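The values are calculated or read from the model by the stated rules, or taken from the named source; none is laboratory data. Computed from a prediction, not measured in an experiment: that's the story for all the values here. Cβ sites come from the backbone with ideal geometry, for glycine too, and all protein chains shown count toward neighbours. These accessible areas exclude ligands, DNA and RNA; they are computed on the full protein's heavy atoms, side chains included. Shrake-Rupley method; radii C 1.70, N 1.55, O 1.52, S 1.80 Å.
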Amino acid sequence: MSLRDALRIPASEITDEAVYRDRRNLLRTFAMTPALALSGCADAEPPAPPTATVTPEQARSGFRTAETLTRYEDITSYNNFYEFGTGKADPSTARKTLKTSPWSVAVTGECARPGTLSLEDLVKGLVPEERIYRLRCVEGWSMVIPWLGVPLGEVLKRFEPTSKAKYVAFTTLADPVQMPGIRYRSINWPYREGLRMDEAMNPLTLLATGLYGKPLPQQNGAPLRLVVPWKYGFKSIKSIVEITFVERMPKTAWHDLQPSEYGFFSNVNPNVDHPRWSQKTERRISGTASKLFAERIPTRMFNGYADQVAAMYAGMDLKKWY
Ligand SMILES: Nc1nc2c(c(=O)[nH]1)N[C@H]1C(S)=C(S)[C@@H](COP(=O)(O)O)O[C@H]1N2
Ligand SMILES: [Mo]
């Protein structure tokens, strides 16, 4: 049985050659863009990103893995989505109160074509691709998840970011009526995340709309969430309502709460421990093993995506910019 059959994904949703060709062109555009000048205080801002050198073949080799998939029931019942409670089972057992349609996303900030678009218009004309990615939570567990989504870069370029757009900030809905966890101050709502522009445009970075060939369940960030597979899971912000192009490194929810524990970059890195625990290994929740006694495996640099992303951090001290 082919993977496509196993996942019951219609042929129309499998990546086609046209989408790959488009991405190759995008990569070339970015390879020719000169490194951006540093802005502001040298201490507060990291070094400018180097020019990307990743080939389309290298990029594509990260789009799937042959590792054992995590079961649908585990991906959808062991979650972090504090808007629905801080327990792992809270998001999946919460009442389905999130109204995901209609859904609109405001795109604002340093771009020539800002606007508020329906989800349908935001991704219009882009064919959802299947990406099988590892997801490594900063807490030390991991999964292998077959997402459906569109490359974030393909969406962002439609808004024509200006030369001042050096970062992209994302915001989750924060509605106490639809999200019971909002009444607890676990996080300074709304949940916010951000990426440097080159990270946002990297072909691996996905705006996911589904998993296992089905629309995203509420607990996984319906109807639209980010997936950044080489970074700790908290960068992969759920239920996005706003995307903003900004010049300065944006404030992010976990970094604000505890800057010494959660860096802006948060690249998966077995050599930089969390102040309170080691990051050298992870509990891989996949196959039929019980969640709590799942196999411990070594954590890999950039979560195994070094070929696709290491060039973006050349010359950067990853112990300083964790
Ligand atoms: N808005 C929002 N996004 C979020 C979170 C959250 O609490 N709220 N948790 C993050 C964390 S810590 C992880 S590990 C992943 C988990 O995604 P999953 O539940 O789909 O596996 O979502 C991330 N995105
Ligand atoms: Mo996480």
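Quick check on Lys214: is it open to solvent by 10 Å² or more (accessible area, probe 1.4 Å), under 20 Å from Asp121 (Cα atoms) and either out of contact with any Gly (no Cβ under 8 Å at 6 or more places or on another chain) or away from ligand 1 (no atom under 11 Å from the Cβ) (or both)? Spelling it out, Lys214 is indeed open to solvent by 10 Å² or more (accessible area, probe 1.4 Å), under 20 Å from Asp121 (Cα atoms) and either out of contact with any Gly (no Cβ under 8 Å at 6 or more places or on another chain) or away from ligand 1 (no atom under 11 Å from the Cβ) (or both).
Surrounded by fewer than 21 Cβ atoms within 10 Å (Cβ to Cβ) and within 16 Å of ligand 2 (Cβ to nearest atom), is that true of Phe170?
Details: surrounded by fewer than 21 Cβ atoms within 10 Å (Cβ to Cβ): no; within 16 Å of ligand 2 (Cβ to nearest atom): yes.
Answer is no for this residue.
Close Cβ contacts (under 6 Å, 6 or more residues apart or on different chains) running from residues in region 53-67 that are modelled with pLDDT of 95 or more to residues that are part of a helix (DSSP H, G or I) and open to solvent by less than 70 Å² (accessible area, probe 1.4 Å) comprise Gly62/Gln308.
Would it be correct to say that Glu130 is acidic (Asp, Glu), open to solvent by less than 20 Å² (accessible area, probe 1.4 Å), in contact with a Lys or Arg (Cβ under 6 Å, 6 or more places away or on another chain) and part of a strand (DSSP E or B)? In short, no. When Ser260 is tested against (1) surrounded by 14 or more Cβ atoms within 10 Å (Cβ to Cβ); (2) part of a loop (DSSP other than H, G, I, E, B), exactly one condition is not met: (1). Whether any residue in region 270-278 is part of a loop (DSSP other than H, G, I, E, B) and crowded, with 19+ Cβ neighbours inside 10 Å is what I want to check. No, there is no match, as no residue in region 270-278 is part of a loop (DSSP other than H, G, I, E, B) and crowded, with 19+ Cβ neighbours inside 10 Å. If you check Glu282, Glu261 for being within 14 Å of ligand 2 (Cβ to nearest atom) and in contact with a His (Cβ under 8 Å, 6 or more places away or on another chain), only one passes: Glu261.
Can you tell me which residue among Arg283, Arg300 is within 15 Å of ligand 1 (Cβ to nearest atom) and over 30 Å from Arg158 (Cα atoms)? So that I can check it myself, show each step before the final result.
Details: Arg300 fails: within 15 Å of ligand 1 (Cβ to nearest atom).
Only one candidate qualifies: Arg283.
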